[in-house]
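Reading through the structure tokens given below for one structure.
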Amino acid sequence: MKTIIVAGLVVIGSITAVVGCQKSAPAGPQTVKVAVTDAGFVPAQVDVRSGQPVVLLVTRTTDETCAKEIVIADEHIRRELPLNQEVRIAFTPEKKGEMKYVCGMDMVSGTLRVE
């Protein structure tokens, strides 16, 4: 009987050790809400991590600026921003540094800081 109990404890210990050594699943994408207001893109700076998926949820809430689309040239992204509709933009930045997000006329801008 003692042999069975000891064997059971060894098996449980081995399973616990293996499970504890596994890397945890990566967290979901970095999700950031960005608004287009009379003041421009808010927030004007967004910090994200390189190599991890990013989802920007962009909502234009004004018709008083030229920011009716968003362009992230470094990621080859250009998306229309319909008034009061959330637009989902997903990408994975690989290169560290700063990249701009701008309106279609390059007059209103913000910065993605990739760390």
**Message:** Whole-Hz ³J(HN,Hα) for each residue in segment 66-77, computed from phi via Karplus 6.51 cos²θ - 1.76 cosθ + 1.60 with θ = phi - 60°, x for glycine and proline: what do you get?
**Reply:** 7, 7, 9, 8, 10, 10, 10, 4, 4, 10, 6, 10
**Fill in**
Residues whose modelled amide H sits under 5 Å from the amide H of T92, counting only those 5 or more places away in sequence or on another chain, are V54
**Asked** Tell me, what is the FRET efficiency for R78 and S50 to the nearest 0.05, using R0 = 22 angstrom and their Cβ-Cβ distance as r?
**Response** 0.50
**Request:** Report the net charge of residues surrounding E69, where surrounding means a beta-carbon distance below 10 angstrom and charges are Lys +1, Arg +1, Asp -1, Glu -1.
**Result:** +3
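No value in this document is a laboratory result; all are computed from the given coordinates. Keep in mind that this is a model prediction, so the values were computed, not measured. FYI the Cβ positions are ideal-geometry reconstructions off the backbone, even for glycines, and counts take in every protein chain you see.
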